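**Student:** Following this message is one structure expressed as structure tokens.
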Amino acid sequence: MPDAPLLRVRDLRVEYLGPRGSVAAVDGVSFDLARGETLGLAGESGSGKSTIAQAILRLLGPPAAITGGSIIVDGAEVLDMSEPDLRALRWRQVALVFQSALTALNPVMTVGDQIADAVLSHQGTGRRRARERAAHLLDLVGIGTERIDSYPHEFSGGMRQRAVIAIALALEPPLLLMDEPTTALDVVVQREILHQIGELKKKLGFSILFITHDVSLLVEISTRVAILYAGKLVEMADAKELLQDPRHPYTRGLLASSPSLRGPRLKLTGIGGSPPDMRSPPSGCRFHPRCPDVMVRCSEDPPLLTQRGAGRSVACHLYST
Amino acid sequence: MTLVADSPVLEIERLTKWFSVGGLFSSKRLRALAGASLALHRREIVALVGESGSGKSTIARIMARLLAPSSGRILLDGKDVLASEPRRASLAYRRRIQMIFQDPFGSLNSVHTIAHHLERPLLLHGKARGHGELHDSVRALLATVDLDADVAMKHPYELSGGQRQRVAIARALAVDPDVLLADEPISMLDVSIRAGVLNLMERLKEERGLAELYITHDVASARYLADRTLVMYAGYIVEGAPSDELIASPAHPYTRTLLAAVPDPGARGSPASGLPAAKGGAAALVNPPPGCPFASRCPDVMEACRREMPGVEQVGPNHWVRCHLVGPGGSPSGPDPAQGEPAR
């Protein structure tokens, strides 16, 4: 099936089990990621965006548990996988790039050895081949092979993030999950890294699930964008359409929260109130206490994510007929 | 624009700051500030923009007198406070200059109520006496920052990040300061509540005539909030202009690089287009070489750049830059009349 999506997530539910009941951090999330696509996942802290990335790789440990739904990577159900299956899935098919490159790297091992390790532990090649591969990967991400015997502390923040990307690419997985990969970096370095990711994507043809709180960044680099609020998807659309015509009041508010660099200096409104306490999420639509267009039914009846036009889904009663 | 230039409330002149780094036996010195000057006027917001390590927080901490400079002057109402109160800032200085920090989680004490946080400065600085007066002052402060009165009885952990940052601002306002130094006040907050804090800072400028220093790495928010924007690179303030002018016609190559790197989906076409020619790593702050610190990354570098840091060159009304491309500027060792000194 060449047209089947590389990643298919259906009704995913992740709960954090606490002493005073459970918190649904991800609540019925569904989306597809096509081959070669960059899907952006945007949301604020507590929206569940990082939890989704970890669920896809089954990296969640107690108190978090996947309590429902389905995650299919390249036709195989991740939730049914055994430990050996999962080992093959991680790195070989799906790799994760975290925000904090400093903690992702081992401080007492050279960067070259760390990349070679990733190659060795998953492929039956010799040490020499693995080192050659490490050198090639360092070159690929723009670090330069001469730094192969450097330690992470000798690298700048941007170079460390490049090294982490090199490790993620070690086995050329078709899917990269990037969780705020540039958030800790300065904007100039961020731009360089994003450019590099774009070049690598052209060369290697992988797909990206890009997770960030920065919608303007996301709209720029993604083909499609999904907006997450309090564990639920509220809107999904083509990136440019989302920017030009946001439908969900939360998406509109989010786009009206960041000042733009050029053009008229508009008064920002932001969104009133605060993100919800997930221990007791609001009834009905979870955004209703902060919504400027709230109606009576919004507090009672949770809206479903519904197709509204080509490639656009919105979960909002404003658009139900 | 008024013709009479009012004098600045708080001013720094040629501040330098060196830190000792490294181990016991290797004493290396890191240059955090290399002669920075700026002035804050009443009812004006100045943004200080730069990457991490550029020295912008060091400037704020020196202005708040949490840190002593290696050399340079701090002038409050034109008086050299390092000469008059060299060791520790006086209570009066600390009343007039208040600071808020990036982390609204770390700056409040979790065992005390919000009311306690606001009462302490009121009592310490003699702004309120007696139970009734204290209670009224706390309510008024919370109202000023758009928080409900019942927040007073809550503890910090019961509040969201945005509410906590508002409490931190209320605490700073308790002593009726003239200057508010805000070090990345919104960078740890969720996107949807950032605008509220920026709008609050703007309102405090308008209503109370506060002079504010807004420190950020986000040029777009600097343009949104600040009347003037100063750009820092490796311990130097390299350019200063009215915020809109800086965005419209940046003169320093670093400013141009910075502006080109900002995600701006509305203005840009395809991903990663318009990539600036920024190359090389961060500037060396330990044993810095002579010359302009941006020389190693600058697309337009010339021979002079590696020899000497240029002085301040005026490129327009209220717009100045330190770059050899524009000119040698005033002598770097002489007075810097243009540094952050607008004709108002």
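The values are calculated or read from the model by the stated rules, or taken from the named source; none is laboratory data. None of these values were measured; they are calculated from a predicted model. Glycine gets a Cβ as well: all are built from the backbone with ideal geometry, and neighbour counts include every protein chain shown. SASA here: full protein model, heavy atoms, side chains in, ligands and nucleic acids out. Shrake-Rupley method; radii C 1.70, N 1.55, O 1.52, S 1.80 Å.
**Student:** Please give every one of the lysines within straight-line cross-link reach of A:Lys232, meaning a C-alpha to C-alpha distance under 19 Å, and leave out same-chain neighbours fewer than 8 residues apart.
**Tutor:** Those lysines meeting the cut-off are A:Lys49.
**Student:** Return the Rg/Rh ratio of chain B with Cα-based radii and a Kirkwood Rh.
**Tutor:** 0.98
**Student:** Please report the carbon-and-sulfur percent of the accessible area for the stretch B:133-250; probe 1.4 Å, protein heavy atoms only, DNA, RNA and ligands left out.
**Tutor:** Answer for the stretch B:133-250 is 45 percent, counting heavy atoms of protein chains only.
**Student:** Cα atoms only: what Rg and Dmax, in Å, come out for chain A?
**Tutor:** Considering chain A through its Cα atoms, Rg and Dmax are 20.5, 67 Å.
**Student:** Provide a whole-number value for the mean count of partner chain Cβ atoms within 10 Å of the Cβ atoms in peptide A:182-195.
**Tutor:** Counting Cβ atoms of other protein chains within 10 Å of each residue's Cβ and averaging gives 5.
**Student:** Right, here's the next one. Under 5 Å between amide hydrogens, which residues at least 5 positions from B:Met99 or on another chain qualify, with H placed 1.01 Å from N in the peptide plane?
**Tutor:** Amide H to amide H, under 5 Å and 5 or more residues apart or across chains, B:Met99 pairs with B:Leu181.
**Student:** Further question: Do any trypsin sites (Lys or Arg not before Pro) in the stretch A:1-102 lie in a loop, going by DSSP, with at most 12 other beta-carbon atoms within 10 Å of their beta carbon, and if so which?
**Tutor:** Answer by residue number: A:Arg20.
**Student:** What does the accessible area per residue of chain B come to in Å², with a 1.4 Å probe and no ligands, DNA or RNA counted?
**Tutor:** With all protein chains present, chain B gives 42 Å² per residue.
**Student:** So between B:Leu66 and B:His131, what do we pick up on full extension, going 0.36 nm a residue minus the alpha carbon distance?
**Tutor:** 20.2 nm
**Student:** Next question, about the same structure. With an 8 Å Cα cut-off and a minimum separation of 6 or more residues, compute the relative contact order for the stretch A:186-321 in percent.
**Tutor:** 19 percent
**Student:** Given a 1.4 Å probe and every protein chain left where it sits, what share in percent of the accessible area of the stretch A:80-136 is carbon and sulfur?
**Tutor:** 53 percent
**Student:** At q = 0.21, 0.25, 0.29 Å⁻¹, what log₁₀ I(q)/I(0) does a Debye calculation on the Cα points of the stretch A:19-86 give, no solvent, two decimals?
**Tutor:** -1.06, -1.38, -1.58
**Student:** Sticking with this structure for a sec: How much mean residue ellipticity at 222 nm does the protein assembly as shown get from its helices, if each DSSP H run of length 4 or more adds -39500 (n - 2.57) and you divide by all residues, to the nearest 500 deg cm²/dmol?
**Tutor:** Estimated from H runs of four or more residues: -8500 deg cm²/dmol.
**Student:** Once fully extended, how much extra length lies between A:Arg10 and A:Thr125, figured as 0.36 nm per residue of separation less the alpha-carbon to alpha-carbon distance?
**Tutor:** Gain in length upon complete extension: 37.7 nm.
**Student:** Total accessible area buried between chains A and B, 1.4 Å probe, in Å² to the nearest 100?
**Tutor:** Interface between A and B: roughly 3500 Å².
**Student:** DSSP loop GluC sites (Glu not before Pro) in the stretch A:205-278 with at most 11 other Cβ atoms within 10 Å of their Cβ, which ones?
**Tutor:** Counting only loop positions with at most 11 other Cβ atoms within 10 Å, none of the GluC sites (Glu not before Pro) in the stretch A:205-278 qualifies.
**Student:** Where the only charges are on Cβ atoms (+1 Lys, Arg; -1 Asp, Glu), what is the dipole of the stretch B:110-164 about its Cα centre, to the nearest 20 debye?
**Tutor:** Dipole about the Cα centre, nearest 20: 220 debye.
**Student:** Also, I was wondering about something else. Relative contact order, percent, of the stretch A:91-213 when contacts are C-alpha pairs under 8 Å separated by at least 6 residues?
**Tutor:** Once divided by the residue count of the stretch A:91-213, the mean separation gives 35 percent.
**Student:** To the nearest Å, what is the center-to-center distance of the stretch A:253-321 and the stretch B:182-197, using C-alpha atoms only?
**Tutor:** The stretch A:253-321 and the stretch B:182-197 have Cα centres spaced 20 Å from each other.
**Student:** Using the Cα centre of chain B as origin and beta-carbon charges of +1 (Lys, Arg) and -1 (Asp, Glu), tell me which of B:Gly106, B:Pro299, B:Ala152 is placed farthest towards the positive end of the dipole.
**Tutor:** Highest projection toward the positive end goes to B:Gly106.
**Student:** So between B:Arg42 and B:Arg120, what do we pick up on full extension, going 0.36 nm a residue minus the alpha carbon distance?
**Tutor:** In short, 25.5 nm is gained.
**Student:** Of B:Leu76, B:Asn318, B:Gly35, whose Cα points farthest to the positive end of the dipole of chain B (charges on the beta-carbon: +1 Lys, Arg; -1 Asp, Glu; origin at the Cα centre)?
**Tutor:** After comparing all options, I get B:Gly35.
**Student:** Can you give the mean number of other chain Cβ atoms that lie within 10 Å of the Cβ atoms in peptide B:218-224?
**Tutor:** Mean inter-chain Cβ contacts per residue within 10 Å come to 5.
**Student:** What residue among A:Thr38, A:Thr67, A:Thr103 has the largest mean-square fluctuation in a Gaussian network model of chain A, using Cα springs under 10 Å?
**Tutor:** Greatest mean-square fluctuation among the candidates belongs to A:Thr103.
**Student:** Using only the Cα atoms of the stretch A:119-251, what semi-axes does the equivalent ellipsoid have when each is the square root of 5 times a gyration tensor eigenvalue? Give whole Å, largest first.
**Tutor:** 33, 16, 12
**Student:** Something else about it: Under the classification rounded if a/c is under 1.5, otherwise prolate if a/b is larger than b/c and oblate if not, where does the protein assembly as shown fall, given a ≥ b ≥ c as square roots of the Cα gyration tensor eigenvalues?
**Tutor:** oblate
**Student:** Which residue, B:Pro242, B:Ala115, B:Leu189, has the largest displacement toward the positive end of the dipole of the stretch B:110-242 when charges sit on each Cβ (Lys, Arg +1; Asp, Glu -1)?
**Tutor:** B:Ala115
**Student:** Moving on. Past the 32 Å Cα-Cα mark, which pairs from A:Lys267/B:Lys17; A:Lys267/B:Lys56; A:Lys202/A:Lys240?
**Tutor:** A:Lys267/B:Lys17
**Student:** Using a ≥ b ≥ c from the Cα gyration tensor of the stretch B:146-220 (square roots of the eigenvalues), is it rounded, prolate or oblate, where a/c under 1.5 gives rounded and otherwise the larger of a/b and b/c decides, a/b for prolate?
**Tutor:** oblate
**Student:** What does the C-alpha gyration tensor say about the overall shape of the stretch B:71-165? Classify as rounded when a/c is under 1.5, otherwise prolate if a/b is larger than b/c, or oblate.
**Tutor:** Prolate, because a/c is 1.5 or more and a/b exceeds b/c.
**Student:** Continuing with this model, one more query. In Å², and per residue, what accessible area does the stretch A:203-321 have when probed at 1.4 Å with the other protein chains present?
**Tutor:** Ligands and nucleic acids excluded, the result is 44 Å² per residue.
**Student:** Could you give the nm distance between label points at A:Met109 and A:Glu154, where each point is 7 Å from its Cα heading toward the beta carbon?
**Tutor:** So the label points at A:Met109 and A:Glu154 sit 1.7 nm apart.
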